[in-house]
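Following: one structure in structure tokens, then a few remarks.
The values are calculated or read from the model by the stated rules, or taken from the named source; none is laboratory data. Note that this is a predicted model, so its numbers are computed, not measured. Positions of Cβ are generated from backbone atoms using ideal geometry, with glycine treated the same way; all protein chains shown enter the neighbour counts. Remember, those area values only see protein heavy atoms, side chains included, never the ligands or the DNA or RNA. Shrake-Rupley method; radii C 1.70, N 1.55, O 1.52, S 1.80 Å.
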Amino acid sequence: MSSDAMGPEVPPIQLLDASGVLQENDRTTEFLPVIEALSDEMLQRFHRDMVLTRRFDDEAGNLQRQGQLALWVPSHGQEGAQVGSAHASRPQDHIFPSYREHAVGLVRGIDPVDVIRLLRGTTHGGWDPVEKQNFHLYTLVIGSQTLHATGYAMGITIDGEYATGDPERDQAVVTYFGDGATSQGDVNEAMVFAASFQTPELFFLQNNQWAISVPVSTQSRTPLVRRGEGFGIPSTQIDGNDVLASYAVTLRDLDAARAGDGPRFIEALTYRIGAHTTSDDPTKYRTHAETQSWIARDPITRFEAFLRSRGEGDAFFLEVEAEALDLAEDVRKRTLALERPPVELMFDHVYSEAHPRIDEQKEWLKNYEASFGDSL
Amino acid sequence: MQDDPRVLMMGEDIGTLGGVFRVTEGLKSEFGAKRVIDTPLAESGIVGTAIGLAMHGFRPVCEIQFDGFIFPGFDQITSQLAKLTNRHEGTQSMPVVIRVPYGGHIGAVEHHQESPEAYFAHTAGLRSVSPSTPHDAYWMIQEAIRSNDPVMFFEPKSRYWPKGQVDFTAPGVPLHASRVVRLGTEVTVLGHGAMVSVLLQAAEIAAEEGISLEVVDLRSLSPVDYGPILESVRKTGRLVIAQEAPGNVSVGSEIAATVSQKAFYSLEAPVLRVSGFDAPFPPAKLESVYLPDADRVLEAVDRALAY
Ligand SMILES: Cc1ncc(C[n+]2csc(CCOP(=O)(O)OP(=O)(O)O)c2C)c(N)n1
Ligand SMILES: [Mg+2]
């Protein structure tokens, strides 16, 4: 924990090094039992979810380049931070993502094509969080969702839906945001409220080193983990490309939050290997060497090495590869079949209750469109 | 920036990257990181510090990356920037420009295609303008920077791509001057930003059908330069206002009211408005239905002529 790190730098928590070797030292001891308790099946799922997300992400990028999507937001490189933390949350927890958390969404059960629909421009939402294990909608306005997460968590405290001692029932909230987002007032206000009301909540920061072309050093001169500390929130920096560290530290922090110990903050050090979005050209602002140095710390490669060292054989990896190909093909097929939504969608659900202006304009548009049939 | 060393640029990704639309490309290498500032990611921070920089004697030009991301800076713009000259009883001017790429037609995701200009036109203390051509943009941005008042400079982002002639001979274009861009006799059609090219297209189609439209480019949203507008309406007797923004409580509403009052005896028909619907800007696949196009303008023209 870096609660004691205001003095000298403490390295991030890392359970698997870049070559996939399990780290056993005094900083990892507290987490090793949790890792040992993971079944083979669970470890396989970590791998599978990372590989499927990456394949899906690549396919969506291809679809964008082929003109099928308005935009794509790649998650390549951040699968370790996302899959580990996603598996550490419980079904009753609520997740408030930013817009790059495709892996978290897949773990919580969203249909990948729903993310595609958002970026193809057929919906502003994509799914009903209640049906998707409380995985809330993506938020494109930087940092806004952190306040919603805090408010939701305040609701949990008011309704006493935590700290009952029943891990099946106690709830917590996780919110994801980026290094750039830490500069927004909303994110700082969210931490003020969370600390003030001791909300059962985890602030999960994916520091992928860049906010479009702006390096993290423009957002902060101290490691961002200290931001959390500054608000009085116990904070930990982890190797975000280590799925096991992400899992184990998130598990510990969410247990604490659910038990009523207040909010927690994790800074996951990771890297966006791809462009910010498909409209971006990273060669304008960062070096090839920097990207290469992070590719050498890839979350999937290292976890595969770890699994192989435990005796996992080719058959499993080939099976996951095949499943990933199937997923990509299915996503492509269903994306191409997506149709333009009906124009009424524009007016539906602007309000929960009837509204005269909406009714009038909807009717006007219907008649207007119909007029092209005959008169024009 | 060459003429006045006190002019600064600031915003997200405007330096090394040259802005997501590359509007400021090359400026950081030419003028250095002290005058072309890549800011932390915080719009309230950008506008709020621009206010302090202005108090220090600089003339900051802020870029808001997209229309929909101006709102974290809304308080600093409307409650601070707009009011400080007034609160200082004139001893402190606020020469701050806020550039906002705005509007639709680019098929982008949520918050990237909005037209929020009415909020700012509504706010006393701010000037709001929107050029529609490269020529106007070239001259109006200089006038905006020269102004001692805060100027909201709305750049119709779909117009970043089409090329156009710029006449570099002074005196150029004033900050607040509406302009007739196509002469006509039967109906005046008025708009700003990207809508002007839609109006010109509508005028072409109408001409083929034997209807003569006069097209006016508003250019300034606050204050509105009513001279050329009223002159045109007194001639044609009919006015259709087109805008991408939702029509409810919009810039077009204000102009309709003022023209109805000032040109009442010349009007042959009520002033009509063609606007974005009073619904959130829809997903990209529906934008062509949401945004007024030449057909919707002509439908209103027909209605105006039917009176
Ligand atoms: C309020 C707001 N301002 C600006 C933007 C434009 N924008 C989109 S993503 C981004 C950078 C975000 O960086 P970070 O928080 O590090 O997240 P990352 O994209 O790296 O995951 C910016 C400036 C926005 N979406 N919202
Ligand atoms: Mg980032």
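Please give the number of the condition A:D170 fails out of (1) more than 8 Å from ligand 1 (Cβ to nearest atom); (2) assigned to a helix (DSSP H, G or I).
Among (1) more than 8 Å from ligand 1 (Cβ to nearest atom); (2) assigned to a helix (DSSP H, G or I), A:D170 violates only (2).
Helices (runs of 4 or more DSSP H) wholly in segment A:282-340 with at least 3 residues that are within 14 Å of chain B (Cβ to nearest Cβ) and in contact with a His (Cβ under 6 Å, 6 or more places away or on another chain) - which ones?
In segment A:282-340, there are no helices (runs of 4 or more DSSP H) which contain 3 or more residues that are within 14 Å of chain B (Cβ to nearest Cβ) and in contact with a His (Cβ under 6 Å, 6 or more places away or on another chain).
Under the condition of being touching an Asp or Glu at 6+ places or on another chain (Cβ under 9 Å) and among the β-branched types (V, I, T), which residue from segment B:167-186 is nearest to B:V271 (Cα to Cα)?
Checking each candidate, the answer is B:T185.
Quick one: count up the residues across segment B:70-101 that are surrounded by fewer than 20 Cβ atoms within 10 Å (Cβ to Cβ) and under 18 Å from B:V23 (Cα atoms).
Here the count works out to 0.
Taking strands (runs of 3 or more DSSP E) that fall entirely within segment B:1-114, which contain at least 1 residues that are within 30 Å of B:L291 (Cβ to Cβ)?
Because the criterion is at least 1 residues that are within 30 Å of B:L291 (Cβ to Cβ), the strands (runs of 3 or more DSSP E) in segment B:1-114 that meet it are B:7-11, B:59-63, B:97-102.
Report yes if some residue within segment A:192-202 is within 14 Å of chain B (Cβ to nearest Cβ) and either away from ligand 1 (no atom under 16 Å from the Cβ) or in contact with a helix residue (DSSP H, G or I) (Cβ under 7 Å, 6 or more places away or on another chain) (or both); otherwise report no.
Within segment A:192-202, none of the residues are within 14 Å of chain B (Cβ to nearest Cβ) and either away from ligand 1 (no atom under 16 Å from the Cβ) or in contact with a helix residue (DSSP H, G or I) (Cβ under 7 Å, 6 or more places away or on another chain) (or both).
For segment B:102-124, check the following and say yes or no: at least one residue is in contact with a Lys or Arg (Cβ under 7 Å, 6 or more places away or on another chain), within 21 Å of B:P150 (Cβ to Cβ) and either surrounded by fewer than 23 Cβ atoms within 10 Å (Cβ to Cβ) or among the charged types (D, E, K, R) (or both).
Checked segment B:102-124: no residue is in contact with a Lys or Arg (Cβ under 7 Å, 6 or more places away or on another chain), within 21 Å of B:P150 (Cβ to Cβ) and either surrounded by fewer than 23 Cβ atoms within 10 Å (Cβ to Cβ) or among the charged types (D, E, K, R) (or both).
Being open to solvent by less than 20 Å² (accessible area, probe 1.4 Å) and within 21 Å of the chain's Cα centre (by Cα) is the requirement here; does B:A304 meet it?
No.
Scan segment A:109-128 and give yes if some residue there is open to solvent by less than 10 Å² (accessible area, probe 1.4 Å), within 16 Å of ligand 2 (Cβ to nearest atom) and in the same structural domain as A:F177 (by TED's automatic domain parsing), otherwise no.
no
Could you please find all residues in segment A:205-259 being of a type in the set (F, W, Y) and either more than 24 Å from A:G151 (Cβ to Cβ) or within 13 Å of ligand 2 (Cβ to nearest atom) (or both)?
Result: A:W210, A:Y247.
Quick one: in segment A:135-155, of everything that is among the hydroxyl-bearing types (S, T, Y) and within 16 Å of ligand 1 (Cβ to nearest atom), which residue is surrounded by the most Cβ atoms within 10 Å (Cβ to Cβ)?
A:T146
Is it the case that A:V173 is more than 28 Å from A:I295 (Cβ to Cβ), open to solvent by less than 10 Å² (accessible area, probe 1.4 Å) and within 16 Å of ligand 2 (Cβ to nearest atom)?
no
Check whether at least one residue in segment B:21-28 is more than 20 Å from A:T283 (Cα to Cα), free of Cβ contacts under 8 Å to residues at least 40 places away in the same chain and out of contact with any helix residue (DSSP H, G or I) (no Cβ under 6 Å at 6 or more places or on another chain), and report yes or no.
No, there is no match, as no residue in segment B:21-28 is more than 20 Å from A:T283 (Cα to Cα), free of Cβ contacts under 8 Å to residues at least 40 places away in the same chain and out of contact with any helix residue (DSSP H, G or I) (no Cβ under 6 Å at 6 or more places or on another chain).
Looking at segment A:163-192, I want the residues that are modelled with pLDDT of 95 or more and have a partner that is among the acidic types (D, E) and within 16 Å of ligand 2 (Cβ to nearest atom) with Cβ atoms under 6 Å, at least 6 apart or on another chain. Which pairs are those?
A:Y176/A:E101
Quick check on this structure: which one of A:T278, A:T335 is surrounded by 16 or more Cβ atoms within 10 Å (Cβ to Cβ) and modelled with pLDDT under 95?
Going through A:T278, A:T335 in turn, just one is surrounded by 16 or more Cβ atoms within 10 Å (Cβ to Cβ) and modelled with pLDDT under 95: A:T278.
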